[in-house]
Amino acid sequence: MKALKIGITCYPTVGGSGIVATELGKRLAEKGHEIHFITSGLPFRLERAYTNIHFHKVEVNQYQIFRYPPYDLTLASKMAEVTERHELDLLHVHYAVPHAVSAALAKDMSGGNVKVMTTLHGTDITVLAHDPSLQNIIRYGINRSDKVTAVSRFLVNETKEQLDIAKHMEPIYNFVPPSIAVPANRHALRREYGINDDEDVIVHMSNFRPVKRVEDVVRAFRLIRQEKRSKLLLIGDGGERHSIEALVENEGLQKDVLFLGNQSRIYELISLADVMLLLSEKESFGLTALEAMAVGVPVIGTNIGGIPEVISDGETGLICPVYDYKAAAEAALALLNDKAMHRRMSNAARARAFSKFNSDTIVAGYETLYAEMLGLP
Ligand code: GMT
């Protein structure tokens, strides 16, 4: 297809929606499209200069009279400015609040020709669209978008129901690169982290928000450790981190729980594990589950949101009831105690990650929608 000029807006900090937006921008740039990130800071995964990628920082006016600096308006203004200056074909915004609304404003400001695609990621609908103070404006942002995608079928349905929207929305799954190298000597790397050869490794990765139920991960780990020598790797950081540290201490697990904070070489780290636990109470997709599957780590996930669309229950991992950390521990132990089942699920996880969630296919899917939106052949 012809090379497009695309503005991408996302939250630049660590978080699934920002990661997906940035990786999408990188893949599109590799395919020859001109990508303009319009964000409040350099996106987390944009760690170096890339051909065809430009960055436009949104500066927020901090005038003393503002109790709440108007980020949404400044963003709209920057989007309009970049659209005009670089003759963008489309703005692709990730996370509805406030990005879809800022994009609608930018479209109006820049003459109405630029097209807007909004990708819904999760709590923009499952949490914020339940808030009466935001519901109408989220509905407005979605209705004003030329195309809307969501990262799972669950999220499409949830959006239609919660906001009573008839508009067509396309489910487009998150993706992983077509190949990922895993460390050749996993055991040597494990030893660097103080993990003994006879220990099993459980991993959890998140931004430590209440919806992630990290406390259930710790409680499940306590039960697993009663049965097997094991370590828990906690990757990521966020609001719940301190209470989780306190829980780990209360449970007497300090020696076996490693808080690793935010990390960039996540594939390498996840691949040290035997099992991932993702026990969220809300999760529209669960990018970390996909990242684990891509390095052959089966995932124990909860039966909510889009998780069952990512993990194929009994094939690439096991699904257990939300809040039931005992069931999660039992599922993990069943996997750890049955080497043949573990090997089968590990192989199936990798195969599923690279077939169903392959970046080549998913990025081509976005390009098809861009072309439709722009009326291109
Ligand atoms: O919606 C959020 O909570 C934020 C967002 C993020 O930026 O981390 O996470 C969502 O988007 C990810 C990428 O599409 C999904 O993998 C996560 O499942 C989703 N989080 C939730 O639904 C809680």
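Taken together, the values in this text are just the output of simple stated rules run on the coordinates, not laboratory data. Only a predicted model underlies this, so the values are computations on that prediction, with no experimental measurement involved. Here Cβ is always computed from backbone atoms with ideal geometry, including for glycine, and neighbour counts include all displayed protein chains.
Once you have a ≥ b ≥ c as the square roots of the Cα gyration tensor eigenvalues for the range 186-355, tell me rounded if a/c is under 1.5, and otherwise prolate or oblate according to whether a/b is larger than b/c. It is rounded, given that a/c, with a ≥ b ≥ c, falls under 1.5. The residues His168, His130, when put in order of fewest to most other Cβ atoms within 10 Å, stand as His168, His130.
Here the calculated FRET efficiency for Lys255 and Ser355, from their Cβ-Cβ distance with R0 = 30 Å, stands at 0.15, rounded to the nearest 0.05. Just to verify a number: FRET efficiency for Gln135 and Asn113, C-beta to C-beta distance, R0 = 35 Å, to 0.05? For R0 = 35 Å, the calculated efficiency reads 0.75. Semi-axis lengths, largest first, of the ellipsoid equivalent to the chain are 37, 22, 20 Å, with √(5λ) applied to each eigenvalue of the Cα gyration tensor.
Taking 0.36 nm per residue of separation and subtracting the Cα-Cα distance, full extension of the segment from Thr13 to Ile65 would add 16.0 nm.
Modelled spin labels at Tyr193 and His242, positioned 7 Å past Cα toward Cβ, are 2.6 nm from each other.
In percent, rounded to a whole number, the relative contact order of the chain is 13, using alpha-carbon pairs under 8 Å and six or more apart.
Report the Cα centroid-to-centroid distance between the range 323-377 and the range 271-302 in angstrom, as an integer. Each part's Cα centre sits 9 Å from the other's.
Only one residue of Gly16, Phe55, Met1 has its Cα farthest out toward the positive end of the dipole of the range 1-75, where Lys and Arg carry +1 and Asp and Glu -1 on Cβ, and that residue is Met1. Only beta bridges with both residues in the range 186-355 are counted; by DSSP, about 5 percent of them are antiparallel.
Considering only Ala334, Ala166, Ala29, the Gaussian network model of the chain with Cα springs below 10 Å gives its largest mean-square fluctuation to Ala166.
Dividing the summed helix terms, -39500 (n - 2.57) for each DSSP H run of n ≥ 4, by the number of residues in the chain produces a 222 nm estimate of -13000 deg cm²/dmol to the nearest 500. Evaluated with a Cβ-only charge set (Lys, Arg +1; Asp, Glu -1), the range 148-196 carries a dipole of roughly 340 debye about its Cα centre, given to the nearest 20. Taking other C-beta atoms within 10 Å as the exposure proxy, Cys320, Cys10 rank Cys320, Cys10 from fewest upward. Gain on full extension, evaluated as 0.36 nm per residue between Thr51 and Lys2 minus their Cα-Cα distance, stands at 15.9 nm. Placing a pseudo-label 7 Å from each Cα along the Cα-to-Cβ vector at Glu30 and Arg343 gives an inter-label distance of 3.2 nm.
Dipole size of the chain about its Cα centre, with +1 on Lys/Arg Cβ and -1 on Asp/Glu Cβ: approximately 460 debye, rounded to the nearest 20. In this structure, the residue pairs whose Cα-Cα separation is over 27 Å, taken from Lys57/Lys115; Lys57/Lys356; Lys57/Lys147, are Lys57/Lys356.
Phi angles of the range 74-88 translate, via the Karplus equation with coefficients 6.51, -1.76, 1.60 and θ = phi - 60°, into HN-Hα couplings of 4, 4, 4, 5, 5, 4, 5, 4, 5, 4, 6, 5, 9, 6, 5 Hz per residue; Gly and Pro are given as x. A convex hull fitted around the alpha carbon atoms of the range 1-153 yields 124 Å³ per residue.
Using a Förster distance of 25 angstrom, determine the FRET efficiency expected from the C-beta separation of Asn262 and Leu223, and round it to 0.05.
Approximately 0.35, to the nearest 0.05.
Pick from Thr22, Thr83, Thr361: which residue has the top mean-square fluctuation in a GNM of the chain where Cα pairs under 10 Å get a spring? Top of the fluctuation ranking is Thr361. As a rough footprinting exposure proxy, the listed residues Met341, Met293 were ranked by other beta carbons within 10 Å of their own, and the order from fewest upward is Met341, Met293.
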